[in-house]
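Step one of this worksheet: look at the structure below.
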Amino acid sequence: MPGKPWDEGVEAIEAQAEEACAVDEGLKTTFEVLCRTENEAAVPALIPAMDSPFAAIRDQALETLLKRRSPAGHREILARLHTFDDGWRAKVAENRSRLVPALREAIVSSDRQLCINACQAAVWLRQYDLAIAMITGLEDPNHPNAAVLSNALLELAELLCEELSGRRLRADGGDVPFVRRRVVEALGTAVTRFSKHRRREIVEAFLLLTYRDDAVLLQVLQDPYHAAFVALVDLLSKSPHEAVIGLLLSFLDDARPPSAAISVLSKRSDLNFLQRFLQKIGRDPSGPLARNLKRIETLPWAGMPATLDALNEQAQEAAVRLAMESGIPRSQAYALVEHVLRRGKPAGRRAAADALDQFRGVDANLAAMAALHDEDPEVQARILVQLRSRGIPGALARLVEMIDSPHAIVRAAARQSLEEFTFPRYLATFDLLDDEVRESTGELVKKVDSQTAPLLQAELESKVRTRRLRGLAVARALRLVQEVEAAIVPLLQDEDHLIRAEAAATLGQSRSEQAREALAEAIYDRSLAVREAARKSLGLPASEWAEASR
């Protein structure tokens, strides 16, 4: 029959499948028994099975060994860990808690490969408690795998730092702060025994994780003769790690920080540290921070132009503030301020311009005059208000010149520096000045006080006779007749003939049609003095005036 061979083939495949299922079921049963039995003889049977040529047997052998709480089996797994593929590594990760005792034992083992595998697993699985075993191994000065342990300890410490800062989340959701306390305690104990093991990595891991008020940390920093003092201070001085930098900077908030910490703070010059340091200082240091800045007596980087130029804008601003708030020599502070004023970024130059006000002398004066050409109007304005107090020759003329600046902030600063040249002050001293000083000072007043014309007009409209008379004289001295003409013309009708005469004389400085028409009418005033003043203001010869007056 045509279909018979096909049917036989199907039956054969089905039979093979049934046989395979039976084998799989048998394997499953076998491994379940090996997993449950308390007979330790099962482990020697399972270990060779991990090397079987059949994948199913290898996989189930590994899973069974992982599930059994057998130190020997787990040790064998760790010994082969470097040969595992991703699938097997995933199975190990799923059973990490069962492996911890074997990992702890393998970490301190003298077997190099076993130690390497255990350390890598501790890091990979983020088993931070195993750092304590690594510390134990490192405290043995003759441990053959010290380098392996050192690297793993630092890797674990860095991973824990990341979790504490929130940059990394722990896979098992453990209590990270609690783990940190345990590890710090173990590291601190090892640091106190530094003279016995001399392991710098232990000190470094300690600094990555410890607290500012940790008793061991303070004990070492306050005792220059402590065995770990040199290593600890050197790491604080050079470590680029964010956690170490953060620990060092935290001493600025301490009411009574160790002198060694302040000394390190003042001497570090690496750019990453400086940016963090200056960011912490900010714009307005206060409290313990401000008091601790006073204790800083040297800043080597203050005289390094390349370092100052590399700082960002806000850091340059804070650097100027640090120079002024710290206890460094004035010459060093001036060098920093002058450099930032000359070559800094905008915010830095503005802060330097303010700080320059605290320095006197030829060099500071030259720096101030140079800064008046700064492209930033705010820098110019901050320097302008210092000029007169510096006693620089020609400062007054320069201030008057800057009143015409296109920048409002510069004009305001110039006027602030010339505040004595205001109209009220000028008016109060007007009667005491001779004609020449009235005119020269009046020119300054007109430039400095933008309210001169409105205030003069108010003076001309006063009900007080003497104020009106003085106002007319001031209008002539300031040559503002045309600007306040509207207040002068009505004075030609004043009941006091002296005021009318002064008004007629004053309008002679105006060339407006309104002024000429008013003066033409004043020629017929009942007062001879008024008529004479009007004639002169109109420029009429005496003969024409006599004819007109008839």
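Okay, here's what the table says:
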item	result
Which numbered condition Ile383 fails, given (1) part of a helix (DSSP H, G or I); (2) modelled with pLDDT under 85	(2)
Helices (runs of 4 or more DSSP H) lying entirely in region 427-540 (those with 2 or more residues that are farther than 30 Å from Arg398 by Cβ and either among the hydrophobic types (A, V, I, L, M, F, W, C) or in contact with a strand residue (DSSP E or B) (Cβ under 8 Å, 6 or more places away or on another chain) (or both))	452-460, 465-478, 485-488, 497-506, 513-522, 528-538
Test: residue in region 175-186 that is surrounded by fewer than 19 Cβ atoms within 10 Å (Cβ to Cβ) and part of a loop (DSSP other than H, G, I, E, B)	yes
Selection status of Asp140, without any contact (Cβ under 8 Å) to a residue 60 or more places away in the chain and within 34 Å of the chain's Cα centre (by Cα)	no
Test result for Ala352, open to solvent by less than 60 Å² (accessible area, probe 1.4 Å), of a type in the set (Gly, Ala, Ser) and part of a helix (DSSP H, G or I)	yes
Selection from region 373-414 of residues that are of a type in the set (Lys, Arg), surrounded by 17 or more Cβ atoms within 10 Å (Cβ to Cβ) and touching a Leu at 6+ places or on another chain (Cβ under 9 Å)	Arg382, Arg398
Scan of region 499-518 for residues that are open to solvent by 20 Å² or more (accessible area, probe 1.4 Å), more than 15 Å from Val530 (Cα to Cα) and in contact (Cβ under 8 Å) with a residue 24 or more places away in the chain, ordered by number	Gln509, Arg511, Ser512, Gln514
Tally, over region 399-452, of residues that are over 36 Å from the mean Cα position of the chain (by Cα) and not hydroxyl-bearing (Ser, Thr, Tyr)	31
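To keep it simple, each residue is scored yes or no on (1) more than 16 Å from Ala157 (Cβ to Cβ); (2) modelled with pLDDT of 95 or more.
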{"residue": "Ala205", "(1), (2)": "no, yes"}
{"residue": "Leu208", "(1), (2)": "no, yes"}
{"residue": "Leu217", "(1), (2)": "no, yes"}
{"residue": "Asp223", "(1), (2)": "yes, yes"}
{"residue": "Val230", "(1), (2)": "yes, yes"}
{"residue": "Val233", "(1), (2)": "yes, yes"}
{"residue": "Ile245", "(1), (2)": "no, yes"}
{"residue": "Phe251", "(1), (2)": "yes, yes"}
{"residue": "Pro285", "(1), (2)": "yes, no"}
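The values are calculated or read from the model by the stated rules, or taken from the named source; none is laboratory data. Please read all numbers here as calculations on a predicted model, not as lab measurements. Ideal geometry is used to build each Cβ from the backbone, glycine not excepted, and the neighbour counts take in all protein chains shown. SASA here: full protein model, heavy atoms, side chains in, ligands and nucleic acids out. Shrake-Rupley method; radii C 1.70, N 1.55, O 1.52, S 1.80 Å.
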